[in-house]
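*Asks:* I have a structure here, written as structure tokens, and I will follow up with some questions on it.
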């Protein structure tokens with residue numbers, strides 16, 4: 001006889017056990033097995049008072065924020081509406097069917113109270129778990145950045161007041177003055193010069209005069225020839241072995257990517273306890289300063305050199321720098337016309353010396369048409385640490401570097417595409433640079449957790465099989481009464 005469903009809902013239910021309602025292979029169950037949040041309470045304890053109402057446990061707040069990005073839920077309000085409907089969410093958060101879900105403001109208040117330090121610790125601990133699981137080799141990393149749309153529209157962009165502009169200009173002048181004072185103390189370059197230096201970061205002229213009223217930290221950035229938009233920029237270091245994200249930095253959209261290379265290398269070494277031996281990056285990181293600093297640190301910089309191709313296009317049809325012979329003893333160049341070129345000045349940002357002939361020499365030269373298109377004559381630039389730079393460029397143009405750059409194209413694109421398609425990387429949920437940093441850290445943490453779980457799910461059956469084989473051999477050597485069944489014993493580790 002065919003039965004019919006009972007349309008009347010039961011008034012009470014005493015037999016609901018969420019532990020049994022969540023399947024054994026559920027992703028949240030596996031995340032719960034590897035996720036250790038015991039440090040959170042101690043780290044944020046100083047931000048809470050001793051009186052008043054009891055707050056939501058900090059571990060639960062962290063779990064809520066992970067759910068927000070794990071399933072790319074569009075807002076915190078939506079998350080709080082979904083939690084009562086999802087038995088797996090309730091189980092993961094430690095709630096019962098009748099427990100009250102807190103208001104969405106609990107999450108924003110916690111972020112404001114905690115800052116980003118606890119999220120940095122969470123990211124670092126997950127990276128360390130990946131290291132212990134053998135997913136991080138540590139010596140070869142890929143570096144890249146991606147733009148993130150700020151949570152503000154162009155209508156919020158307004159010109160800055162005169163007082164603010166003057167303050168910004170004064171700060172910039174002071175920085176340039178310090179740099180000039182530093183350069184005056186430097187000697188002309190020599191063949192064995194080992195001193196180094198780095199230029200102050202570039203400033204965006206547009207963002208000096210305009211700022212968003214709703215998100216002042218976001219900066220106007222033009223990308224792919226489209227209209228300028230308010231953006232942030234997330235920078236990543238990804239380990240070559242299993243594509244684990246080992247370092248994350250967040251800046252405004254106008255920040256030069258090259259300025260973050262060394263800090264990403266340092267952050268990677270801190271989180272993995274491994275020294276970088278090779279770094280792979282595109283042409284945006286290929287400035288002279290990065291090449292020299294990496295070479296001095298013993299790091300092979302497999303970085304594409306965009307500047308060389310640009311110079312080739314501009315200097316097509318005239319003598320290249322190979323036609324000019326450098327004399328280390330006299331610190332001069334000899335041009336194709338056998339004229340002496342002496343150092344004139346040190347460029348404050350590029351840290352290169354300009355070598356020129358005596359005034360009027362190039363104007364009277366018969367080889368002028370083959371040497372320069374400039375009205376004032378030919379200029380040769382030599383970096384203050386040219387010897388280091390030449391060695392670094394040789395490494396960057398090696399066959400190994402070209403192979404690594406080819407692998408980088410799909411490796412980094414896959415990392416950012418996964419974050420954008422599954423975890424909402426390309427849009428800012430909150431406003432402010434430090435809040436955007438929290439978002440980037442949480443997304444990277446979720447991606448690393450997924451890779452860690454995938455690795456564990458593949459290795460556990462292999463471990464169980466090896467244990468079974470080992471115990472089977474032991475059972476042949478030892479009486480059966482002394483050893484339990486191999487299959488039964490191995491099942492304890494699956």
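*Asks:* Which value does Rg/Rh take for the stretch 388-447 over its C-alpha atoms, Rh per Kirkwood?
*Replies:* 1.21
*Asks:* Right, next: To the nearest µm²/s, what D does Stokes-Einstein give for the stretch 311-385 at 25 °C and 0.890 mPa s, using the Kirkwood radius over alpha carbon pairs as Rh?
*Replies:* 191
*Asks:* Here's a follow-up. Take the alpha carbon atoms of the stretch 317-384, find their center, do the same for the stretch 217-261, and report the distance between the two centers in whole angstrom.
*Replies:* First find each Cα centre; the distance between them is then 37 Å.
*Asks:* Residue 430 to residue 318: FRET efficiency via 1/(1 + (r/R0)^6), r the Cβ-Cβ distance, R0 45 Å, to the nearest 0.05?
*Replies:* The formula returns an efficiency of 0.25 here.
*Asks:* Using the count of nearby Cβ atoms within 10 Å as a rough guide to exposure, how do 273, 418 rank from fewest to most?
*Replies:* Starting with the residue having the fewest Cβ neighbours, the order is 273, 418.
*Asks:* How many nm is it between the label spots at residue 417 and residue 402, if each spot is 7 Å from the Cα in line with the beta carbon?
*Replies:* If labels sit at residue 417 and residue 402, their model points lie 2.5 nm apart.
*Asks:* Using a simple spin-label model with points 7 Å from Cα along the Cα→Cβ vector, what separation in nm is obtained for residue 29 and residue 366?
*Replies:* 8.9
*Asks:* Can you sort 416, 92 by how many other beta carbons sit within 10 Å, fewest first?
*Replies:* Lowest to highest Cβ neighbour count: 416, 92.
*Asks:* Continuing with the same structure: Order these by the 10 Å Cβ neighbour count, fewest first: 69, 39. Don't jump to the answer; show the numbers that get you there.
*Replies:* Details: 69 22, 39 13.
With the sparsest Cβ surroundings first, the list reads 39, 69.
*Asks:* Let me ask something additional. Could you give the alpha-carbon Rg of the stretch 269-427 over 2.2 N^0.38 Å, rounded to two decimals?
*Replies:* 1.34
*Asks:* Let me make sure I get this right: for the stretch 30-84, a, b and c are the square roots of the gyration tensor eigenvalues over alpha carbons, sorted descending. Under 1.5 in a/c it's rounded, otherwise prolate if a/b > b/c, else oblate. Which is it?
*Replies:* Since a/c reaches 1.5 but b/c is at least a/b, the shape of the stretch 30-84 is classed as oblate.
*Asks:* How compact is the stretch 47-171 by the rule of thumb for globular proteins, expressed as Cα Rg over 2.2 N^0.38 Å? Present the calculation step by step, with values, prior to reporting the outcome.
*Replies:* Working: Rg = 20.4 Å, N = 125, 2.2 N^0.38 = 13.8 Å.
Cα-based Rg divided by the globular estimate yields 1.48.
*Asks:* Cα gyration tensor of the stretch 18-114, axes a ≥ b ≥ c as square roots of the eigenvalues: rounded (a/c below 1.5), prolate (a/b > b/c) or oblate?
*Replies:* Cα axes put the stretch 18-114 in the prolate bin.
Every read-out reported here was derived from the displayed coordinates using simple, explicitly stated rules and does not represent laboratory data. Everything numeric in this text was worked out from a predicted model, so none of it was measured. FYI the Cβ positions are ideal-geometry reconstructions off the backbone, even for glycines, and counts take in every protein chain you see.
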